[in-house]
Amino acid sequence: MTASKIKNIVFDIGNVVVRWSPLEIVRLTFGNIDSLEEKAKLIFQSPTWLDLNKGLLTESEAKAQYQALLGFTELECERLFYYVKRTQILIHGSVELIQCCKSAGYRVFALTDNVHEIVAHLNETYNFWPLFDGAIVSADFGLLKPQPEIYQSLLSHYDLEASETVFIDDMAHNVEGAESVGIQGIQFENAHQCELALLSKGVELSL
C-alpha cells in the first residue's frame, strides 16, 4: 500500500473541527467547584451520556435522567446542555483544511461520536457540514469509536476502500481503532500539523 492512493479524508468533529471541552462546560454550568474533573467524568462518562451518543435517548430524556440519577436541578440541566452547544466553537484553520481537501479532488467525510441535537445545532450555527460528502454519526448507528464496527459502517455505507482512506481524530485510541480495520490514521493536534501529516501521506493539497 502506498500513501499516494488516498482518495478519502475523514474528519472527527469534536476537537478537530470544533472545540469540545467538558471541564469548561462543567465550570460554566456549576461555577468554580473543587471537583471539576470528577463532575465532568460523572456527566460525560456516564451511561446516560453514552446512551445519548448512541441515539438511545433524546436530549430531554437525558436531562430527566441526570435529574433523577445525579440530583441535578432542571435549571442545571438546561444550563448544561446550553453550554454543551455554545462552547463548540470552530478550531482555527480546520474548515479551511476541509475546503482545501475538497478543492484538491478528495472526498471528505465526518465520523463522529455525537448527539442528534448537537449535530442539528452545528448545522444551524456553522456552514461546514454541507462540505462533507457523507457523515457517520454515532447516534444514527448505535455505535461508538473505537468499535471496529463504526469504521466498517463508514466503509460499507459509502463504498470506500480502507487502504484509500485516512481518518483524523484527536484521540489516539480512536485513530488506532481506524487503523485496526486498515484505514490510515492521523492524530490531530492543530490544523497546520494535520495538513503536514496529510502531505506526508501523499495527499496533494494546493494551499
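Nothing in this text is a laboratory measurement; each read-out follows from the coordinates by a stated rule. What you see is a predicted model; the values in this text were computed from it and never measured. With ideal geometry, Cβ positions are generated from the backbone for all residues, glycine too; neighbour counts draw on all protein chains shown.
For the chain, find the longest principal axis of its Cα atoms and tell me its angle to the long axis of helix 59-70, 0 to 90°, nearest 10. The two axes meet at around 50 degrees. Placing dummy labels 7 Å off each Cα toward the beta-carbon, the span from residue 82 to residue 147 is 3.4 nm. Computed on segment 1-155, with alpha-carbon pairs under 8 angstrom and 6+ residues apart, the relative contact order is 31 percent. From most to least packed by mean Cβ count within 10 Å, the peptides 28-35, 191-198 give 191-198, 28-35. Note on the chain: GNM, Cα springs under 10 Å; of 117, 74, 179, the largest mean-square fluctuation is that of 74. Here the simple spin-label model places points 7 Å from the Cα toward Cβ, and for residue 120 and residue 103 these points are separated by 3.4 nm.
At the listed q of 0.24 Å⁻¹, the Debye profile of segment 32-92, built from one uniform point per Cα, gives log10 I(q)/I(0) equal to -1.13. Of the cross-linked pairs 7/54; 54/85; 5/54; 145/201, those separated by over 26 Å at the C-alpha level are 7/54; 5/54. Segment residue 163..residue 50, full-extension length gain: 37.7 nm, with 0.36 nm per residue of separation and the alpha-carbon distance subtracted.
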